[in-house]
Amino acid sequence: MALMSIQRDWYIYFWLIYCKIYSTIVRLFGNHCRGSDKVRSVITAGVSGQSAGSLHRVRTRRRKQSQHRAKHIVALVRRSSLRRIVMAPGASTAHAMMEDKEKVLATATMRSRRINQFAPLLIALVGLPARGKSQLAHRLARHLNWNGESTKVFDCSEYRRRHMALYGSHDIFRADNQQGSAIRRQSAREAVQDAMLWLKDGNSVAIFDGTNITREQRRELSDYCLNDMGFRILFIECVCEDQELLERNIIEILHYSADYKNMSEEEAVDDLRKKLEHYMRQYEPIDAGLETISFVRVENMGETVTAHKVAGQKESGILGYLSGMRCLPQTLYFTRHGESEYNVLGRIGGDAALSPRGQLYARALADHFNSLPAREPYTVWTSELRRTKQTAADIRAPKRAVRALNELDAGICEGLTYEEMQERFPQEFAWRDQDKLHYRYPWGESYIDIMTRLRPVLSALEDEHNVIVVGHQAVLRCMLGYFLDAKLDELPYMNVPLHTIVKLTSYGYKYKVEMTKLPVECVDTHRKQPKNCSINRTSADALTTVPSHYDTLPSNLWQNSAEAQL
């Protein structure tokens, strides 16, 4: 019994030792994982016999571990699932501040992710009537369309007229006129909705031509565009303090607005004056301190341009265009060179000289412009080719040769007739008839290439007055198509005949066209698109619309009258 008692005591003794060792190991591992208060006691006990310097080093390491743990806690706080566990009691203020900051960051991140550089853009005009908004809208749309941004103007006034059989008076614009205000709000809503549908269909830019004179209107429009539709928005405010510009704008409104076509001049002037008074009572100019919107302010039709929070590729390009825009009255003249030797032969391209009839046209053209009243001086722009310089030689005005005005480069087809093109390159000839706008001659150019190199010329020409452009058929097609806002597919087939002066006179955002045919005979170089554009068509089908030209020439055709007599 005594032996059994001794064995049981040893068994208990070893069991207690085992438990002690096990608990020590568990405590050590637990302290290593938690690493803060209990680690301090373990480290202190383990270095009791060490020096003060070694103890300082240990404490330094412990302090760095504590900092790392604090950073780790902050990182955990940002995770919503761990926020309740990590945040200690009494930290409600910091917790609320962190939540507010996270909401703002989340909203900003969502907007930046949804509204990127490639999102469609809505341009909303702001300002009183007669400040040049419509003129700016249509000029900007013409510029953007030419640069490949499919753009359309949505005029709020046109939508208003749909709800009114006939414009009555200025009373519809009174702030206290509930029925008139309802019609104007409905018109603006319909215009914006159509603009959004235009953008949703894959187009690039929509321009909302309205007044948008109150901050509430601009805020609602901005929220709807950004938050509901996910589109970018840019406001352009038109301000005009120049009395001369205002008078000119008012005169154009009285002459061309559909609201006043059935009124006498006195009635129209009185009605427009009272309409402006109604708008001025409600107008709230854009204030960067009160509104968080992206906007550009254009003063006096481009005299001063101010930008605020403008970001994005499209917006930057628009800002650059507005900075150089001057909406002034202008008269422009366009004419092709006189008939050339290649025109007579039916050949394309080249650098041929004028034919005898082309020389007669050059003298007639000079007589025409030299006899006009010299109220303002003319400037002549030509290409670098001989036939345009010879045509403008006798015009008494400064001349400038512009390389961008050179004729379309036909590449391997330079100097060929249409018959020779069909014979040598029938497939190329058919491809060109299928899509003349985009077709590029091998080692040559297309109409799209001409449009690209004409961009700086057109931008400069928009702000010029009394300029005579002596150019070539394809180039003038593109230039006239730009100012007349023609569809791009129509450009290659516009009829720009020889020995004809085309005069463009601006009124508002449109141009009036006058064509003057000088009495000098010439060949017809205009070729319509054939009906059969198949690659497998016959030569007869391919050459159906080719204009007639001389196949054989008399020996004295190129001589002038004096040389022929000799």
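With a cut-off of at least 2 residues that are out of contact with any helix residue (DSSP H, G or I) (no Cβ under 9 Å at 6 or more places or on another chain), name the helices (runs of 4 or more DSSP H) lying wholly within segment 136-239.
The helices (runs of 4 or more DSSP H) meeting that bar are 178-200, 215-223.
Filter segment 379-388 down to residues that are surrounded by fewer than 19 Cβ atoms within 10 Å (Cβ to Cβ) and in contact (Cβ under 8 Å) with a residue 24 or more places away in the chain, then give me how many there are.
2
Here are the criteria: (1) closer than 24 Å to Tyr507 by Cβ; (2) buried (at least 17 other Cβ atoms within 10 Å of the Cβ); (3) out of contact with any strand residue (DSSP E or B) (no Cβ under 9 Å at 6 or more places or on another chain). Tell me which single one His278 does not satisfy.
Against the list (1) closer than 24 Å to Tyr507 by Cβ; (2) buried (at least 17 other Cβ atoms within 10 Å of the Cβ); (3) out of contact with any strand residue (DSSP E or B) (no Cβ under 9 Å at 6 or more places or on another chain), His278 comes up short only on (1).
Just checking, how many residues over segment 514-525 are under 25 Å from Lys436 (Cα atoms) and without any contact (Cβ under 8 Å) to a residue 40 or more places away in the chain?
Qualifying residue count, segment 514-525: 1.
Taking interchain pairs and intrachain pairs at least six residues apart, which have beta carbon atoms under 6 angstrom, with the first residue in segment 218-236 and farther than 19 Å from Ala307 by Cβ and the second hydrophobic (A, V, I, L, M, F, W, C) and part of a helix (DSSP H, G or I)?
Met229/Met196; Phe231/Leu199; Phe231/Cys225
Can you tell me which residues in segment 293-328 are more than 17 Å from His138 (Cα to Cα) and either outside the structural domain of Asn212 (by TED's automatic domain parsing) or without any contact (Cβ under 8 Å) to a residue 60 or more places away in the chain (or both)?
Across segment 293-328, the qualifying residues are Thr304, Val305, Thr306, Ala307, His308, Lys309, Ala311, Ser316.
State which residue pairs qualify: first residue at negative phi and not assigned by TED's automatic domain parsing to the domain that holds Met451 and inside segment 145-165, second residue β-branched (Val, Ile, Thr) and in a loop (DSSP other than H, G, I, E, B) in any location, beta carbons under 9 Å apart, and separation of 6 or more residues or different chains.
Close Cβ pairs (under 9 Å, with a partner that is β-branched (Val, Ile, Thr) and in a loop (DSSP other than H, G, I, E, B)) amount to Cys156/Thr211.
Examine segment 267-284 for a residue that is closer than 30 Å to Met421 by Cα and touching a residue at least 40 places away in the same chain (Cβ under 8 Å), and state whether such a residue exists.
Checked against the condition, which is being closer than 30 Å to Met421 by Cα and touching a residue at least 40 places away in the same chain (Cβ under 8 Å), segment 267-284 yields no hits at all.
Residues checked against (1) surrounded by fewer than 14 Cβ atoms within 10 Å (Cβ to Cβ); (2) touching a strand residue (DSSP E or B) at 6+ places or on another chain (Cβ under 9 Å):
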position: Lys261; (1), (2): yes, no
position: Leu290; (1), (2): yes, no
position: Ser340; (1), (2): no, yes
position: Ser355; (1), (2): no, yes
position: Arg363; (1), (2): no, no
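Going by what's in this entry, would Thr505 be described as assigned by TED's automatic domain parsing to the domain that holds Glu384, touching a Ser or Thr at 6+ places or on another chain (Cβ under 7 Å) and either in a loop (DSSP other than H, G, I, E, B) or in contact (Cβ under 8 Å) with a residue 40 or more places away in the chain (or both)?
Yes: the conditions hold for Thr505.
Keeping to segment 446-478, report how many residues are of a type in the set (Gly, Ala, Ser) and under 18 Å from Gly349 (Cβ atoms).
Here the count works out to 3.
I need the full set of residues from segment 513-533 which are loosely packed, with under 13 Cβ neighbours inside 10 Å and assigned to a loop (DSSP other than H, G, I, E, B), in order please.
Pro519, Glu521, Asp524, Lys528, Gln529, Lys531, listed by residue number.
For Gly481, which of the numbered conditions (1) crowded, with 16+ Cβ neighbours inside 10 Å; (2) under 28 Å from Thr382 (Cβ atoms); (3) in contact (Cβ under 8 Å) with a residue 24 or more places away in the chain fails to hold?
(3)
Quick one: what pairs do we get from segment 417-441, first residue assigned by TED's automatic domain parsing to the domain that holds Gly148 and closer than 19 Å to Asp489 by Cα, second among the polar types (S, T, N, Q) and not in a loop (DSSP other than H, G, I, E, B), C-beta under 6 Å, 6+ apart or different chains?
none
Go through (1) of a type in the set (Asp, Glu); (2) surrounded by fewer than 20 Cβ atoms within 10 Å (Cβ to Cβ); (3) assigned by TED's automatic domain parsing to the domain that holds Arg215 and name the single condition Asp351 misses.
Condition (3) is where Asp351 drops out.
Mind checking which pairs have a first residue in segment 452-467 that is under 15 Å from Asn145 (Cα atoms) and a second that is among the polar types (S, T, N, Q), Cβ under 8 Å, 6 or more apart or different chains?
Cβ pairs passing all conditions: Arg455/Asn147.
The values are calculated or read from the model by the stated rules, or taken from the named source; none is laboratory data. Quick caveat, the model's predicted, so the values are computed rather than measured. Cβ atoms come from the backbone with ideal geometry, glycine included; neighbour counts cover every protein chain shown.
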